[in-house]
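Accompanying notes for the structure given below.
The values are calculated or read from the model by the stated rules, or taken from the named source; none is laboratory data. Quick caveat: nothing in here was measured; it's all calculated off a predicted structure. Neighbour counts run over all protein chains shown; Cβ positions are idealised from the backbone, glycine included. The area values use the complete protein model at the heavy-atom level, side chains included, leaving out ligands, DNA and RNA. Shrake-Rupley method; radii C 1.70, N 1.55, O 1.52, S 1.80 Å.
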Amino acid sequence: MTYLWMMLTFAKIGLFSFGGGYAILAMIQHEVVINNQWLTSSEFFDVVAISQMTPGPIAINAATFIGYQKGGILGSLVCTLGVILPSLLIMTMITISYLKLRHKPWFQSVFYYLRPLSIGLIAAAAIIAGRDAIVDWFSIIVFAVCFALAWRFRLNPFLMLLVAGVIGFIWG
Amino acid sequence: MLFSMFLSFLKIGAFTIGGAYAMIPLIRKEVIDHKQWLSEGEFLDGLAAAQSCPGPIAVNISIYIGYRVAKKRGVAVAVLGTTLPSLFVIMIVASLFGKIANLEAVRRVFHALKPAVTAMIAVPVIQLSRSGGISIFNVWIPIGAAILVGIWQVNPIYLILITIAGALIESRIKLKKLTKQD
């Protein structure tokens, strides 16, 4: 596997992910686990858990982590550069022209449909994560409690993962 | 100016955990209240554009602010500030994780972390469905996408390309109807 291929793969991930971190996870999962088989599904969600517990954008964290596992420090750099490269090109152009674009009917139409699609892709990421994560009564209970806490009380993600990690250490 | 912007984004990148939605309130405070680089309206326009553009939202909003403040050099500085903390922290964590990943205690921790992460991915689906304008007319899009990608492992890229093509065709047809009526 060459560094160039890693960079192109992450550029593809960056280019086709609309709706931020969680929607990007579905795309990274497809490329890294299914297409290229760099990680198993279980290893991938180790990376996701760590990406959420460390500072910075989740997509950048995941790209850096996967890059490091597959190609050391240089691997980290090429994957991170890859995932932000489409943003650098497209977002700069949009910044220059967004005020004109946003009133165009075709532009509004595209996002009218892309927004619900992004939500579906996040749901897909949850389904894929769940198949690997929810395997016994212990994990069902952890999922249900965390879901309720995150939904109803908007508990800070870092705090929630920290508590879940301690509970896993004791009873897991 | 450039250095001050670099430090602002470095600070935000280093101290926010949980991705773009955790970073946005801090970016807003820094850019509007503290440094007064943009007005509230300009920031909200940028946020909408950042969410429309492909890629990580935090990176996109950094690009917007960087460009508005100092053109291309501003973009470079803002993006570096946002991504450098991630690069350093993750490189350290990843180099350690390889050594401890197979320890029994670490497996136990992840046995609980994985369902917690699943919950954290699932909750925004509900929250975004409320704020993102999901109705009975378009609810088939997220449900269809979740089944195709989540269960049948269809490549999301195809769905995105089909969606964009469909939306463009639909807006063309609407435009033709309008011009006929005129």
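A few comments on the model shown:
- 10 Å Cβ neighbours from other chains, averaged over peptide B:103-111: 6
- Protection proxy ranking, peptides A:126-133, A:56-63, average beta carbon neighbours within 10 Å, highest first: A:56-63, A:126-133
- When the charge dipole of the protein assembly as shown is built from unit charges on Cβ atoms (+1 for Lys and Arg, -1 for Asp and Glu) and taken about the Cα centre, the candidate among B:A76, A:S139, A:F107 whose Cα reaches farthest toward its positive end is A:F107.
- Listed residues A:A59, A:F18, A:A49: farthest to the positive end of the dipole of segment A:3-133 (Cβ charges): A:F18
- Peptide ranges A:111-119, B:111-119 listed from the most packed, as the mean C-beta count within 10 angstrom indicates: B:111-119, A:111-119
- Taking all Cα-Cα distances within the protein assembly as shown, those exceeding 27 Å account for 45%.
- Anchor A:K104: lysines whose Cα lies under 18 Å away (excluding residues fewer than 8 positions away in-chain): B:K174, B:K176, B:K177
- The phi-based Karplus calculation (6.51 cos²θ - 1.76 cosθ + 1.60; θ = phi - 60°) puts the 3J(HN,Hα) values of segment A:74-88 at 4, x, 4, 5, 5, 5, 5, 4, x, 6, 9, 4, x, 4, 4 Hz, whole numbers, x for Gly and Pro.
- Residue ranges A:83-92, B:150-159 sort as A:83-92, B:150-159 when ordered by packing (mean number of other C-beta atoms within 10 Å per residue, highest first).
- Using only side-chain charges placed at the Cβ, +1 for Lys and Arg and -1 for Asp and Glu, the dipole size of segment A:3-133 relative to its Cα centre rounds to 560 debye.
- Per residue, the protein assembly as shown exposes 46 Å² of accessible surface when a 1.4 Å probe is rolled over the protein heavy atoms with every protein chain present.
- Cα shape, chain B, gyration tensor, a/c 1.5 rule: oblate
- For segment B:1-155, size of Cβ-based charge dipole, Lys and Arg +1, Asp and Glu -1, in debye: 320 debye
- Folded to 0 to 90 degrees: helix A:41-53 orientation relative to chain A principal axis, Cα: 80 degrees
- Using Cβ point charges alone (K and R +1, D and E -1), the dipole size of the protein assembly as shown about the Cα centre works out to roughly 860 debye.
- Cα-based reach from B:K29 at 16 Å (exclusive), listing lysines while leaving out same-chain residues under 8 positions away: B:K11
- Relative contact order, percent, segment A:3-133 [alpha-carbon distance under 8 Å, six or more residues apart]: 35 percent
- For residues of A:140-147, the mean tally of beta carbons on other chains within 10 Å: 5
- Chain B: relative contact order as a whole-number percent, Cα under 8 Å and 6+ apart: 18 percent
- Counting Cβ atoms of other protein chains within 10 Å of each residue's Cβ and taking the mean over peptide A:59-70 gives 6.
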